[in-house]
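J.: First, the structure itself, so that you have it in front of you.
The values are calculated or read from the model by the stated rules, or taken from the named source; none is laboratory data. Given the structure is predicted, the values throughout are model-derived calculations rather than measurements. When we count neighbours, we look across all protein chains shown, and the Cβ atoms used for this are built from the backbone with ideal geometry, even at glycine. Surface accessibility is based on the protein's heavy atoms, side chains included, excluding ligands, DNA and RNA. Shrake-Rupley method; radii C 1.70, N 1.55, O 1.52, S 1.80 Å.
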Amino acid sequence: VSAVVEITGVGLLTPLGDGREQVASALCAGQSALVPSLEAGGTGLAAIVDFEASKYANVRGLRLYNRTTRLAICAAKLALTDAMVDPTSVAPEELGLLMASTYGHLDVLLDYDRSLVESGLLRTNAALMPLAIPSAPGAMVALAFGAKAFSMTLCDSTSSSLDAIGLGARWVLEGRARACLVVAAFSASPELVRVVDRAGALAAKGDVRPFDRRASGAGLGEGAAAFVLERADHASKRGAASRGRVHGYGAAFAGKQTESKAALERACAGALRAADVSAERISLVSAGASGVPALDRAEAEALASVLGADASRVPTIAVKGALGETFDAAGAIQSVVALSSLQERRAPPIARLDEPEVPRLRYLKEEAVVDRGLALVTSIAADGTSTALVLSHGDDR
Amino acid sequence: MTRRVVVTGCGVVTPAGSDLVTFWSTIMRGQCRIEPLRQFSFRDFDSLVGGEVVLPPEDELGADGYRARCLALTLAATRRAVEHAALPGGVAFRERTGAVIGTTLGEERQVGDLSDRFRAEGDGAIDAGFFSRSDNHRLSSEVAKRHGFGGPVVVGAGACSSGNAAIAIAYDVIRMGAADCMIAGAADTLVRSIYCGFFRMGALSKSVCRPYDKNRDGVSFGEGAGALVLEDYDAAVRRGARIHAEIAGFGVSNDAHHITAPDPTGNGFTRAIRQALATTGTPLEAVDYVSAHGTGTVYSDLCESRALHAVFGDRARSIPMSSIKSMMGHTNGAASAIEAVACVLALEHQAVPPTANLVEQDPECAIDCVPNEGRRAKVKTCLSLSAGFGGFNACLVVRGVA
């Protein structure tokens, strides 16, 4: 059995559209969804306007779920449809679910807790309690699509979705599921926007500039992405098309911010080692840079070190300039854009990048042609976690 | 090459004790530590009971001095496990070491506190540190910071299977070669929302929980944390570590049946148990002890018994299987991590802990639940079961190492 895992389905919901091609075209055209928002205290917010979950999925009780769960269910439905996975092609006992969600339950928890204190035990909607725990959004996705192999949630903030893809690939290879649905979702509830803003990490007026010398902070976004992962022989047996391939995953941790560069270097080295390739094979980097200067600097320096002599050749993109920081969904969205870029051989520019702080990388300031090869997707989080994923493109349609 | 994963250290902070000796002697005697709750009250209840942890002062505060209780419990248990394993301090070793922490509720108390302050102070209640304090990922990243780890750092939420899930993920990280050593554990605290939720579901015991008893009436809650140091066998041997047990492997499944209720047929649980036994090459007759989920609710205990009978047949009546939740309360995600430590201790002491508070066993739960007092037993292989809200089941096989 090859250690490479097939991606047979992709689902994507972002403020710039709900399909890979649509989002890729918008990004390549230089569109940004980040706009100053009164709701976000004047900082940037990239929200999905007029989101109607019922357009995407017909799931019982959908309207009762919170926005993160609805986004997750809709992205999952898009991915399952894309993969042509249903109970006749993959038995429920063979379908697993890994969810990336650190904050997806918080708005329900706040509502539930507030109601308990203000209205009392007997006047509080008891049905909210099981939805107010971190694993709830994932459990609801698993329930909606009957995933019976496993249902697990990873709460690793910006690393969650890359961790979930890495673990999903592992569990598929081990035969714990024939197909693994990896779902990542983040929505910016008003409470969460206020809390993140108070932490001082957001740029004023949506002026988000990943990798730029004038970067002053991130902007919040919302979105969801989902993948169906399968072993190559299983995918081939049921005639599923390949939308891409997972080759390797790596993760590392830095206890101090000054060690973040070294941690991301170790994560990238681990992903390349797992993929059994050298950095020369990388033809695109989809970076997690969000406009937070210290983290972007560490990421750029680590990438320059990992790519070595190829740093000036390999196009580097950073979608958070256009889509905002989507935390749990971020790595998955970066991965979808990387797959689209390899597939279509064109990659989008980095929004509002004028003057890179670390000049050694080939940052895209406008749409550019990309060689088919491998993509390196990276994430570096404020708490010290670094993750990396090596992907390749899928079959031509 | 397939790597073997062994346990070289354990740590617990539980209502039954916060060192391995006290913990083991308390549960072996069947002493129930579910008592009137001191930490908080709630106006809708005349009284609440629960299993509370008494932390020594040095473990009380989180890394930033803030009283984030879930983090404090996590750091206390992981510190004990790291000390028990006598991990080396070299940079090379620590860079190849990571942490996976599981939780059901995480820092929910932070959110409760914020909710209270919102009402009193409005938006001004939010301080700059709230976002990071309430972020559950901190449960593992602070462990890594505290001990200088540089490997993978993950937080897993699988409801009340979180502990076993964390151990399973850490086991896989070592097996795939991404680290040589991982701290795996889980922690949860007592929070008002879970008492209220279980009360409304009719699943909160009016006295103390009595798993498998004919008159059981629901769950009692507890708080705590459990942690294990897992290492690649060869690496552990090379550094001369004392090996306490082997994590032979795990099985997982999901009921996908109902948001709170388990599948009444026990099918989901059955699949997880069978996967755990099959993937570890463990024959049915090799299982010497089952650390049961045993929450004390009518429904859950019955489903679990059905699953065990479906897997083991008549042998389910004679394998010792107990629920130590009867002594500490259900510590949610932490439970299976603490129970994994109990399995390691069962292997070391060649004895099995009891199910406490048992008066009259439910004939529909026809198992040997080791009533009220621990007993000596030949233990080479343990099976540890967990099930959670949403239907996620995770089972672990823990073996002795010759």
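J.: Percent relative contact order of the range A:140-230, based on C-alpha pairs within less than 8 angstrom and at least six residues apart? Spell out each step's value before the answer.
T.: Values: 95 pairs, mean separation 27.2, N = 91.
Worked out over the range A:140-230, it gives 30 percent.
J.: Can you classify chain B as rounded, prolate or oblate using the Cα gyration tensor, where a ≥ b ≥ c are the square roots of its eigenvalues, rounded means a/c under 1.5, and otherwise it's prolate if a/b beats b/c and oblate if not?
T.: Values: a/c = 1.60, a/b = 1.04, b/c = 1.54.
It is oblate, given that a/c is not under 1.5 and a/b is not larger than b/c.
J.: Per residue, what accessible area does the range A:112-260 have, given a 1.4 Å probe and all protein chains present, in Å²?
T.: On the way: 4130 Å² over 149 residues.
That works out to 28 Å² per residue.
J.: Return the Rg/Rh ratio of the range A:137-181 with Cα-based radii and a Kirkwood Rh. Display every interim value, and only then the final one.
T.: On the way: Rg = 10.6 Å, Rh = 11.0 Å.
That ratio equals 0.96.
J.: Moving on to the next point. Compare the peptides B:146-153, A:43-50, B:130-137 by average per-residue count of other Cβ atoms within 10 angstrom and give them in order, highest first. Display every interim value, and only then the final one.
T.: Values: B:146-153: 25.0, A:43-50: 20.0, B:130-137: 22.2.
Those peptides, ordered most packed to least, come out B:146-153, B:130-137, A:43-50.
J.: Expressed as a whole percentage, what fraction of the accessible surface of the range B:150-295 belongs to carbon and sulfur atoms when a 1.4 Å probe is rolled over the protein heavy atoms? Walk me through the numbers on the way to the answer.
T.: Values: 1870 of 3700 Å².
That fraction is 51 percent.
J.: Test of understanding: in a Gaussian network model of chain B with alpha carbons linked when under 10 Å, which of B:Asp180, B:Asp19, B:Asp123 would top the mean-square fluctuation ranking?
T.: B:Asp123
J.: Can you return the lysines within cross-link range of B:Lys214? Criterion is Cα-Cα under 23 Å, with same-chain partners fewer than 8 residues away left out.
T.: Cα-Cα hits under 23 Å: B:Lys206, B:Lys325.
J.: Please give the total accessible area that chains B and A bury against each other, computed with a 1.4 Å probe and expressed in Å² to the nearest 100. Mind dumping the intermediate values first?
T.: On the way: alone 15390 and 15880 Å², together 25620 Å².
Separately minus together, B and A give about 5600 Å² buried.
J.: So what does B:Phe198 come to for accessible area, using a 1.4 Å probe and Å² rounded to 10?
T.: Rounded to the nearest 10, that gives 20 Å².
J.: Further question on the same structure: Please tell me the relative contact order of chain A in percent, rounded to the nearest whole number, where contacts are Cα pairs under 8 Å and at least six residues apart. Don't jump to the answer; show the numbers that get you there.
T.: Working: 1092 pairs, mean separation 94.1, N = 397.
Computed value for chain A: 24 percent relative contact order.
J.: Just to be sure I understand: if I project the alpha-carbon convex hull of the protein assembly as shown onto a plane and average over all orientations, what area do I get in nm²? Please list the in-between numbers first.
T.: Working: hull surface 116.7 nm².
That works out to 29.2 nm², a quarter of the Cα hull's surface.
J.: According to the square roots a ≥ b ≥ c of the eigenvalues of the Cα gyration tensor, what is the shape class of the range B:135-290, taking rounded for a/c under 1.5, prolate for a/b larger than b/c otherwise, and oblate for the remainder? Please report the intermediate quantities before stating the final value.
T.: Working: a/c = 2.13, a/b = 1.41, b/c = 1.51.
The shape class here is oblate.
J.: Something else now. Per 0.36 nm of contour for each residue apart, how much would the distance between B:Phe40 and B:Thr22 grow if the chain were fully extended, relative to their Cα-Cα spacing?
T.: Numbers: separation 18, 0.36 × 18 = 6.48 nm, distance 2.57 nm.
Taking 0.36 nm per residue and subtracting the Cα distance, the gain is 3.9 nm.
J.: Restricting the calculation to Cα positions, tell me the Rg (one decimal) and the Dmax (whole number) of the range B:58-207 in Å.
T.: 17.0, 52
J.: How large are Rg and Dmax for chain A when calculated on the C-alpha trace, in angstrom?
T.: 19.7, 66
J.: Charges at C-beta only: +1 for Lys and Arg, -1 for Asp and Glu. How large is the resulting dipole of chain A about its Cα centre, in Debye rounded to 20?
T.: On the way: 40 positive and 44 negative charges, 62 e Å.
Using Cβ point charges on Lys, Arg, Asp and Glu, chain A gives about 300 debye.
J.: Based on the Cα atoms of the range B:269-402, what semi-axes does the equivalent ellipsoid have, where each is the square root of 5 times one gyration tensor eigenvalue, given in whole Å with the largest first?
T.: Numbers: eigenvalues 72, 60, 46 Å².
In descending order the semi-axes read 19, 17, 15 Å.
J.: May I ask you to give the percent of accessible area on the range A:133-186 that is carbon plus sulfur, with a probe radius of 1.4 Å? Present the calculation step by step, with values, prior to reporting the outcome.
T.: Numbers: 300 of 660 Å².
It is 46 percent, rounded to a whole number.
J.: Now for a different question. Based solely on C-alpha atoms, express the radius of gyration and the Dmax of the range A:108-232 in angstrom.
T.: 18.5, 55
J.: I'd like the mean, over residues of A:113-124, of how many other protein chain beta carbons sit within 10 Å of each residue's own Cβ.
T.: The shielding value for this peptide is 5.
J.: Moving on to the next point. Mind listing, in residue-number order, the residues in the range A:371-397 that have at least 50 Å² less accessible area with every protein chain present than in their own chain alone (1.4 Å probe)?
T.: A:Asp383
J.: Name the residues of the range B:385-400, by number, that are at least 10 Å² less accessible with every protein chain in place than in the isolated chain; the surface is that of heavy atoms, probe 1.4 Å, without ligands or nucleic acids.
T.: Going by heavy-atom accessible area, the residues of the range B:385-400 that drop by at least 10 Å² are B:Phe389, B:Gly390, B:Phe392.
J.: Continuing with the same structure: With the cut-off at 1.5 for a/c, could you classify the range B:282-356 from its C-alpha gyration tensor as rounded, prolate or oblate? List each step's numbers first, then the result.
T.: Working: a/c = 1.92, a/b = 1.09, b/c = 1.77.
Note, shape of the range B:282-356 comes out oblate.
J.: In percent, what relative contact order does the range B:267-378 have, based on Cα pairs under 8 Å that are 6 or more apart in sequence?
T.: Working: 142 pairs, mean separation 31.3, N = 112.
Computed over the range B:267-378, the figure is 28 percent.
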